[in-house]
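The values are calculated or read from the model by the stated rules, or taken from the named source; none is laboratory data. Since the model is a prediction, treat every value here as computed from it, not as a measurement. Using ideal geometry, Cβ is built from the backbone for each residue, glycine included, and neighbour counts are taken over all protein chains shown. Only protein heavy atoms, including side chains, enter the accessible area calculation; ligands, DNA and RNA are left aside. Shrake-Rupley method; radii C 1.70, N 1.55, O 1.52, S 1.80 Å.
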Amino acid sequence: MDPGVRLVARPRFDLSALPSDARPGFDGSRKSGKRALRGASAELAELQERLYAAGIDGDDRAVLLVLQGMDTAGKGGIVGHVVGAVNPQGVHYTAFKKPTREELAHDFLWRVRPHVPRPGIIGVFDRSHYEDVLIGRVRALASPEEIERRYAAIDEFERELVDGGTRIVKVMLHVGFDEQERRLLHRLDRPDKYWKFNPADLDERELWPEYRQAYQIAITRTSTDYAPWHVVPADHKWYARLAVQQLLIEALQDMELGWPPPRFDVDAQRERLRSLTVR
């Protein structure tokens, strides 16, 4: 698929020109896409284990997966079907909700910093610091001057993470207006899905053009060489999951992670193990 090339938001990127039902880089069927997802899970799991082992050994590198998208875009499915395939002890998951009163008393990044991944960990932000320039802009929760300041603060924050050894994979799940309606109706049609429906989602849906513009501006302003945005068409859930899986695999492969060498004499430890008996 080569999603790192096909899905990256380049200069002059236009969100409105990208069909949300597209499948860049993959011309197979839904069935073959799901098969590819399962087939690559073992590779992702091994790469994640290498990262975790390197962290235990003192390597300071980590990965941060940032997931953004409108309601029903499929963030939970990415977490369950892609990240869920790796060892959970090597994952730090954070779902950012509406800021608390204490969080609002600080700078918008104050609540984010404690959740950046430690060395050896894949961190997952289900929504993120970008909410403060998305809903913050659309709902006028901050002044235009403050929103402008936040774009620069985000760039500086991400530069700091990258300089410290964290690879950032930023994904905007691009779901279409009609597809969101279908997914919301699905929740209303099934009693076992009522718990996933929030009437407030319809309030946000009424502001779809405003959110589209806010995403366009945020992506344009904060897609950098060191932390580029990847816009993933998300009408086909299986395709979005496969694309994000491949983005993670590419990021981990680029780290050229090897297994940490032993800090002991392997032969000596083997002989000692064989010599031990029950007293």
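Under the rule of at least 5 residues apart or a separate chain, name every residue whose amide H is placed under 5 Å from the amide H of GLY69.
Here LEU173 satisfy the definition.
Percent antiparallel among DSSP beta bridges with both residues in the chain, to the nearest 5?
Within the chain, antiparallel bridges account for around 5 percent of the total.
What residues qualify as long-range amide H neighbours of HIS92, i.e. H under 5 Å apart, gap of 5 or more or another chain, H built at 1.01 Å from N?
Those lying under 5 Å, H to H, from HIS92 are ILE122, GLY123, VAL124.
Return the Cα extents of region 153-202 along principal axes one, two and three, sorted largest first, each rounded to a whole Å.
Principal-axis extents of region 153-202 (Cα, largest first): 48, 21, 18 Å.
If one takes the longest principal axis of the Cα atoms in the chain, at what angle in degrees, from 0 to 90 and to the nearest 10, does the Cα axis of helix 266-275 lie?
Here the helix axis deviates by roughly 60 degrees.
Straight-line reach from LYS237: which lysines have Cα under 21 Å away, leaving out those fewer than 8 places along the same chain?
Correct list for LYS237: LYS31, LYS34, LYS75, LYS170, LYS193, LYS196.
Find the accessible area per residue for the chain; the probe is 1.4 Å, ligands and nucleic acids are left out, and the unit is Å².
For the chain, the solvent-accessible area averages 54 Å² per residue.
So what does log10 I(q)/I(0) come out to for the chain at q = 0.12 Å⁻¹, using the Debye formula with one equal point on every Cα and no solvent?
So the normalised log intensities work out to -0.78.
Let me know the Rg and Dmax you get for region 91-143 when you use only its Cα atoms, in Å.
Spelled out, the Cα radius of gyration and Dmax of region 91-143 are 12.1, 38 Å.
With a 1.4 Å probe and every protein chain kept in, tell me what percent of the accessible surface of region 55-136 is carbon plus sulfur.
After summing per-atom areas, the C and S share lands at 53 percent.
May I ask for the net charge around ALA234, where only other residues with Cβ less than 13 Å from the Cβ of ALA234 are counted and Lys, Arg are +1 while Asp, Glu are -1?
Net charge in that neighbourhood comes out at +1.
How large is the Kirkwood hydrodynamic radius of region 11-141, counting all unique pairs of alpha carbons, in Å?
After inverting the mean inverse Cα-Cα distance, the result is 17.2 Å.
Taking Cα atoms, how many degrees apart are the long axis of helix 237-254 and the longest axis of the chain, rounded to 10 and kept between 0 and 90?
Around 50 degrees separate the two axes.
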